[in-house]
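For reference, the structure is listed below as structure tokens.
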Amino acid sequence: MNTIITIGRQYGSGGREVGTKLAEYYNIPFYNREILKIAAEMSGISEEMFENYDEKPTTSFLYSLVMDPYALGYNSASFDMPLNQKVFLAAFDAIKKVASEGPCIIVGRCADYALKDYENTLNVFIHASMSFKRHRIIEQYNIPPEKVKDEAVKVDKQRASYYNYYNSKKWGDLKSYDMCLDSGLFGIDGTVELIKKAVELREASR
């Protein structure tokens, strides 16, 4: 197996679980929030800043203005670039670094865009109906039932804004990915199996 799999996902659709199962099957590294820690170590920008900007296009200008001098490490030379741009570029570099080390699974964070020049990628988007996502969100994130829909809409809007802000492609648009899968239709394990089959076919065609 020589493929790097990137996974975009709707909130509650099981993208992280699918990625974890694939990483276990192929015995390769899995990166979700782990990318933030690697980016912080590489850039000298505090990990807290990566958490704050994670899959969000911007925060308030005032917050950036106040935090910028304190958030940056010695390796960050340019102070004329907005902090959210510095954080994105550092995460971008971290994604390229882990991809250069071999096959892996990377969830979210515009990984497909970061690796657009890599030939051995399979870019997947996972979505599902609200009825499928609802119980997963309640169980996994402890969101009150009456707030599930609002939370799902909010998080997906943030992810879409982040992706669209830095990317010429559109988040969730089938043209932006190699394959889009409905985890509610196929189930988590079925979605995993379909991606495994896609990897097999992709590598056989090279």
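The values are calculated or read from the model by the stated rules, or taken from the named source; none is laboratory data. What you are looking at is a predicted structure, and each value in this text was computed from that prediction instead of being measured. Neighbour counts run over all protein chains shown; Cβ positions are idealised from the backbone, glycine included. Heavy atoms of the whole protein, side chains included, go into the accessibility calculation; ligands, DNA and RNA do not. Shrake-Rupley method; radii C 1.70, N 1.55, O 1.52, S 1.80 Å.
Once the Cα atoms of helix 15-26 and of the chain are each reduced to a long axis, what angle between those two axes, in degrees from 0 to 90 to the nearest 10, is obtained?
Orientation of helix 15-26: about 70 degrees from the principal axis.
Ignoring ligands, DNA and RNA, what percent of the 1.4 Å accessible area of the chain is carbon and sulfur?
Carbon and sulfur: 53 percent of the exposed surface of the chain.
Just in segment 100-206: which chymotrypsin sites (Phe, Trp or Tyr not before Pro) are loop by DSSP and have at most 15 other Cβ atoms within 10 Å?
TYR118
Once the convex hull of the C-alpha atoms of segment 97-206 is built, how many Å³ does it hold per residue, rounded to a whole number?
122 Å³
Can you give the three extents of the C-alpha atoms in the chain along their principal axes, from longest to shortest, in whole Å?
That works out to 48, 47, 28 Å along the principal axes.
How far is helix 34-43 tilted off the main Cα axis of the chain, in degrees rounded to 10, range 0 to 90?
Result, in degrees: 30.
Short version: ³J(HN,Hα) in whole Hz for each residue of segment 82-96, in order, from phi by Karplus 6.51 cos²θ - 1.76 cosθ + 1.60 (θ = phi - 60°), x for Gly and Pro, what are they?
Residue by residue, segment 82-96 yields x, 4, 4, 5, 4, 5, 4, 5, 5, 5, 4, 5, 5, 5, 5 Hz.
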